[in-house]
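Enquirer: Supplied in structure tokens, the structure appears directly below.
The values are calculated or read from the model by the stated rules, or taken from the named source; none is laboratory data. Keep in mind it's a predicted model, so treat the numbers as computed, not measured. Cβ coordinates were reconstructed from backbone atoms using ideal geometry, including for glycine residues, and neighbour counts include every protein chain displayed. The protein model used for the area step is the full one, side chains on, heavy atoms only, and it has no ligands, DNA or RNA in it. Shrake-Rupley method; radii C 1.70, N 1.55, O 1.52, S 1.80 Å.
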Amino acid sequence: MAALDRAEIDKSPYPAIGKLLLRSGRLDKLMIERAYRLSRENEEPFDLVLTRLGLIAEAELAHVLAEELGLTVAATGRALEASPFNQRLSGKFLKQHRVILVDEGPGKIAAVMADPTDDATMAAINFALERPVGRQVGCASDVEAAWDRFFGSQEATNAEQRQEDDAEEDVDRLKDMASEAPVVRLVNQIIGRSIELRASDIHLEPMPGRLRLRYRVDGLLQEGEQLPERLKSAIASRIKVMAKLNIAERRLAQDGRIRVPVRGHEIDLRISTTPTIHGEGIVMRILDKSGVTLAFEALGYTEDMIRQFREVLHRPYGIILVTGPTGSGKTTSLYTALTELNQTDVKILTIEDPIEYQMDGVNQVAVKPSIGLTFASALRSFLRQDPDIMMIGEIRDLETAEIAVQAALTGHLVLSTLHTNDAAGAIGRLLDMGVEDYLLTSTINGIINQRLVRRLCQSCKAPHKPVAEQIEPLRRSGLVTNFEDLVLWRAEGCAECGGGGFTGRLTVMELLILSDPIRKLILSKADAGAIAKQAVAEGMMPIYVDGMAKAIAGLTTVEEVLRVTQDT
């Protein structure tokens, strides 16, 4: 290509590197113009844009610049070793201007520059070191790599120290926020309000522009008062301080426990935090034993169900399972059974995750997987403690199931829970885990499947005739043939129930007792449907029917029963 006139090049707006490349004839004006425009738009060094666009290689650029300026090209790769003199300059300055000092010989140093035309940077280095400094041309990547090798470890240490200092400062700030009187009062009010509502859980959920507060009352979530977003960190920190959690850790989920006095008695709160994109979400499970009556009648068990269950419960050995989804009252049923079994002449051991209610006279252990204390390991030690009765919070795996079976075979009564949708399905779940069928038929005494429905407020419930949507579910239950005289009940709402029409919850359930015919079905690999059919033929009232009977009795509504049993 035709070389441009030197005067024309000198008058051009291009950086010094661009002018040198034009003079050398290595790049034409269109190439330089393109790189110059992108350099200004993206605010990137001109030489980096040239190499990024592929207009010239780094090594070639260094040699062209050295040739045009009468300089030497520095060593490349790891051969480019930084001089100790770099410590006398700011690492930030050298990195910004892409310069590294190297030893040129005894008492001599040179500045290796990605842009050797930067006279201002060279003058600043000479002034700072108060001595003459040579100049060399280096590839930008080599200069940056040498800088990283020299300053990298030091910068990492400084950054780590800054992070620690910031974390300490942040922790102090969070502690100050958590101890402020308005925040303390607000958290206490939230907990107090939950007790007034008879809530089982408090949910604090950070949302864009607000902190959402919800209470779970009688199994359903309802909105609480609006909380300003600016208080989300302060509220979370206050709760974490109370639960003795790490307030500086906001990237990982944490679990803790709080015991607080509310209206004259102690309330246990189980705390769970989890990181979300808008901040930490917190759930507080309220474990108020004073609000729970551990009696089968209070839970909603019918007289016939209590009689059958007690017959199974007081057998000297075997396994009793309580099944159902999360939040179906399984643990409360187990505690009620333990309350009845807790006598001075028996030793009871429990392994739970976590311990929800502390019971006098019962030896309770909480699992701690972090130290190897699992359901299975605790059960193995239990067998050496000479217990009569053992309660396992949940059978989750084959190892735990096998130890439970072994305990039952050696003369212990074992109570536990299992996540299944119906009583007969518990057999299939244990078989799927790998427990042998003959072991199940030898050890399992009975299986309860249960759900919780909201209990109608007895002060304001109102009678009504069944509507069309209720007739078919009732007819399917087989309990009703004459709908003309049938009276159902609906929720109205009054001051006593807070306008909701419901107060508390009760259990709807089914109890499958293993008989010889059912054991034969299990050994013949029959499915859950066949087992359930045989149990009904022997007198088991399915959970759906039990629920409809309680709706007819005015304890709950048809809609509530359908809500919790439609998966069975």
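Enquirer: Check off (1) surrounded by fewer than 18 Cβ atoms within 10 Å (Cβ to Cβ); (2) closer than 19 Å to LEU287 by Cα; (3) not aromatic (Phe, Trp, Tyr) for ILE239 and give me the number that stays unchecked.
Expert: Every listed condition holds for ILE239 apart from (1).
Enquirer: ILE403: closer than 30 Å to LYS525 by Cβ, out of contact with any Cys (no Cβ under 6 Å at 6 or more places or on another chain), of a type in the set (A, V, I, L, M, F, W, C) and touching a residue at least 60 places away in the same chain (Cβ under 8 Å), yes or no?
Expert: No; evaluated as a whole, the condition is false for this residue.
Enquirer: Could you tell me which of the residues LEU27, LEU21 is out of contact with any helix residue (DSSP H, G or I) (no Cβ under 6 Å at 6 or more places or on another chain), over 20 Å from LYS95 (Cα atoms) and of a type in the set (A, V, I, L, M)?
Expert: LEU21
Enquirer: Report whether or not THR556 is in contact (Cβ under 8 Å) with a residue 12 or more places away in the chain, in a loop (DSSP other than H, G, I, E, B) and β-branched (Val, Ile, Thr).
Expert: So THR556 fits the description; yes.
Enquirer: Here is a follow-up. Any residue in segment 314-340 that's more than 19 Å from GLY428 (Cβ to Cβ): show its pairings with residues that are open to solvent by 10 Å² or more (accessible area, probe 1.4 Å) and hydroxyl-bearing (Ser, Thr, Tyr) at Cβ separation under 6 Å, as long as the two are six or more apart or on different chains.
Expert: Pairs found: TYR335/TYR357.
Enquirer: Pull up segment 425-436, narrow it to residues that are out of contact with any helix residue (DSSP H, G or I) (no Cβ under 8 Å at 6 or more places or on another chain) and of a type outside the set (Gly, Ala, Ser), then point me to the one that is most open to solvent (accessible area, probe 1.4 Å).
Expert: So, considering only residues that are out of contact with any helix residue (DSSP H, G or I) (no Cβ under 8 Å at 6 or more places or on another chain) and of a type outside the set (Gly, Ala, Ser), the one most open to solvent (accessible area, probe 1.4 Å) is ASP432.
Enquirer: Cβ contacts < 7 Å: first residue open to solvent by 70 Å² or more (accessible area, probe 1.4 Å), restricted to segment 25-48; second residue assigned to a helix (DSSP H, G or I), any location; separation 6+ or different chain. Result?
Expert: ARG26/VAL64; LYS29/LEU22
Enquirer: Follow-up question, since we're still on this one. What's the total number of residues in segment 242-267 that are of a type in the set (A, V, I, L, M, F, W, C), open to solvent by 60 Å² or more (accessible area, probe 1.4 Å) and under 17 Å from ARG285 (Cα atoms)?
Expert: The qualifying residues number 1.
Enquirer: Could I ask something else about it? Quick check on this structure: which one of LEU4, LEU27, LEU55 is modelled with pLDDT under 85 and assigned to a loop (DSSP other than H, G, I, E, B)?
Expert: LEU4
Enquirer: Check segment 321-343 and report whether any residue there is in contact with an Asp or Glu (Cβ under 7 Å, 6 or more places away or on another chain) and modelled with pLDDT of 90 or more.
Expert: no
Condition check ((1) modelled with pLDDT of 90 or more; (2) under 20 Å from VAL346 (Cα atoms); (3) not in a strand (DSSP E or B)) across all residues:
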| site | (1), (2), (3) |
| --- | --- |
| ALA378 | no, yes, yes |
| ILE395 | yes, no, yes |
| GLU402 | yes, no, yes |
| ALA408 | yes, yes, yes |
| LEU415 | yes, yes, no |
| ALA423 | yes, no, yes |
| GLY428 | yes, no, yes |
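Enquirer: Limited to segment 276-325, what total is found for residues that are over 30 Å from the mean Cα position of the chain (by Cα) and on the phi > 0 side of the Ramachandran plot?
Expert: Qualifying residue count for the region: 2.
Enquirer: Where residues in segment 437-467 are hydroxyl-bearing (Ser, Thr, Tyr) and open to solvent by 10 Å² or more (accessible area, probe 1.4 Å), which of them is farthest from ARG315 (Cα to Cα)?
Expert: If we take residues in segment 437-467 being hydroxyl-bearing (Ser, Thr, Tyr) and open to solvent by 10 Å² or more (accessible area, probe 1.4 Å), then SER459 is farthest from ARG315 (Cα to Cα).
Enquirer: Take segment 204-221 and flag every residue that is touching a residue at least 24 places away in the same chain (Cβ under 8 Å) and surrounded by fewer than 17 Cβ atoms within 10 Å (Cβ to Cβ).
Expert: MET207, PRO208, LEU220
Enquirer: Right, another one. Just need a number here: residues in segment 104-153 that are farther than 22 Å from GLU68 by Cβ, without any contact (Cβ under 8 Å) to a residue 60 or more places away in the chain, of a type in the set (A, V, I, L, M, F, W, C) and in a helix (DSSP H, G or I).
Expert: The number of residues fulfilling the criteria is 4.
Enquirer: For residues that are part of a loop (DSSP other than H, G, I, E, B) and closer than 14 Å to GLU559 by Cα, tally how many sit in segment 466-502.
Expert: Residues that pass the stated criteria total 4.
Enquirer: With (1) surrounded by 14 or more Cβ atoms within 10 Å (Cβ to Cβ); (2) at pLDDT below 85; (3) touching a strand residue (DSSP E or B) at 6+ places or on another chain (Cβ under 6 Å) as the list, and ASP353 as the residue in question, which single condition is left unmet?
Expert: If we test ASP353 against (1) surrounded by 14 or more Cβ atoms within 10 Å (Cβ to Cβ); (2) at pLDDT below 85; (3) touching a strand residue (DSSP E or B) at 6+ places or on another chain (Cβ under 6 Å), just (3) comes out false.
Here's the yes/no breakdown for (1) in contact (Cβ under 8 Å) with a residue 24 or more places away in the chain; (2) surrounded by fewer than 21 Cβ atoms within 10 Å (Cβ to Cβ); (3) among the basic types (Lys, Arg); (4) closer than 26 Å to GLU510 by Cα:
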site	(1), (2), (3), (4)
LEU379	yes, no, no, no
GLN385	yes, yes, no, no
MET391	yes, no, no, yes
GLU394	yes, yes, no, yes
ALA408	yes, no, no, yes
THR417	yes, no, no, yes
ALA423	yes, no, no, yes
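Enquirer: Which one of THR326, THR336 is in a loop (DSSP other than H, G, I, E, B) and not charged (D, E, K, R)?
Expert: None of the others qualify; the one that does is THR326.
Enquirer: Ok, one more. Looking only at segment 215-253, which residues are assigned to a loop (DSSP other than H, G, I, E, B), within 27 Å of GLY499 (Cβ to Cβ) and polar (S, T, N, Q)?
Expert: Once the filter is applied, which keeps residues that are assigned to a loop (DSSP other than H, G, I, E, B), within 27 Å of GLY499 (Cβ to Cβ) and polar (S, T, N, Q), segment 215-253 yields only GLN226.
Enquirer: Tally the residues that are assigned to a loop (DSSP other than H, G, I, E, B), open to solvent by less than 60 Å² (accessible area, probe 1.4 Å) and within 22 Å of ASP304 (Cβ to Cβ), restricting the search to segment 503-553.
Expert: Residues in segment 503-553 being assigned to a loop (DSSP other than H, G, I, E, B), open to solvent by less than 60 Å² (accessible area, probe 1.4 Å) and within 22 Å of ASP304 (Cβ to Cβ): 5 in total.
Enquirer: Okay, next question. Being surrounded by 17 or more Cβ atoms within 10 Å (Cβ to Cβ), assigned to a loop (DSSP other than H, G, I, E, B) and out of contact with any strand residue (DSSP E or B) (no Cβ under 6 Å at 6 or more places or on another chain) is the filter here, so list the residues in segment 64-88 that pass it.
Expert: Selection gives LEU80 alone.
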